[in-house]
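A.B. asks: Got a structure here, written out as structure tokens. Questions coming.
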Amino acid sequence: MLDKPPYVVLPVEPRRAYGVSYRTIYDMAALGNPAELAAARSAGASCRMLSDVPLKLVVSDRRTGLLQTGQEVIELGPSSLLDALVRLFELLWQQATSLTPESSGDGPLSAEDHQLLALAAAGLTDQAIARRLGVAQRTVERRMQRILKSLDATTRFQAGLRAGQRGLLI
């Protein structure tokens, strides 16, 4: 599922049924407050966020799709258009940032550090990260300094590279 505002009705997260899995890419604007972010995170590793999700889409079993265009919803059956939209989803999934970074427990970064790095990697400013996490901007700045020190980095870019090289990021 690709999910982005504006919403005509409130979004409903799909229910997990036995043996059924789904993946959702949220537009960052859809996760505007800590409660929305926490709700999205509750789905686990099956959710990611991306800046500027291009459209609203639900695909089921790669055979049926629902595409929202303005106020209309178009149902798609097996077709080259549906195949292209599935491929678009897979490309966006690779680019999107996980909402639930895994902590190895033995690395230098805590789960909160992973979360902060994931939001920074998604391009959010300290102020935006602070709003998303429900903390003060100064708290974000202090945590980022601690991350830089623990990774022996002098810039955020260098910290991201080192965290990626060490397998600390998803």
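Per-residue answers, yes or no, for (1) on the phi > 0 side of the Ramachandran plot; (2) in contact with a Ser or Thr (Cβ under 7 Å, 6 or more places away or on another chain); (3) at pLDDT 90 or above; (4) surrounded by 12 or more Cβ atoms within 10 Å (Cβ to Cβ):
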{"position": "66", "(1), (2), (3), (4)": "no, no, yes, yes"}
{"position": "78", "(1), (2), (3), (4)": "no, no, yes, no"}
{"position": "89", "(1), (2), (3), (4)": "no, no, yes, yes"}
{"position": "92", "(1), (2), (3), (4)": "no, no, yes, yes"}
{"position": "100", "(1), (2), (3), (4)": "no, no, no, yes"}
{"position": "109", "(1), (2), (3), (4)": "no, yes, no, yes"}
{"position": "120", "(1), (2), (3), (4)": "no, no, no, yes"}
{"position": "139", "(1), (2), (3), (4)": "no, no, yes, yes"}
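A.B. asks: The conditions are (1) in contact with a helix residue (DSSP H, G or I) (Cβ under 7 Å, 6 or more places away or on another chain); (2) at pLDDT below 85; (3) part of a loop (DSSP other than H, G, I, E, B), and residue 7 fails exactly one of them. Which is it?
C.D. replies: It is condition (1) that residue 7 fails.
A.B. asks: Filter the range 124-134 down to residues that are open to solvent by less than 60 Å² (accessible area, probe 1.4 Å) and over 15 Å from residue 36 (Cα atoms) and give me whichever is nearest to the chain's Cα centre (by Cα).
C.D. replies: 124
The values are calculated or read from the model by the stated rules, or taken from the named source; none is laboratory data. As the structure is a prediction and not an experimental result, all values here were calculated from the model. We place every Cβ from the backbone using ideal geometry, glycine too, and count neighbours over all the protein chains shown. To get the accessible areas, we keep the full protein, side chains included, count just its heavy atoms, and leave off ligands, DNA and RNA. Shrake-Rupley method; radii C 1.70, N 1.55, O 1.52, S 1.80 Å.
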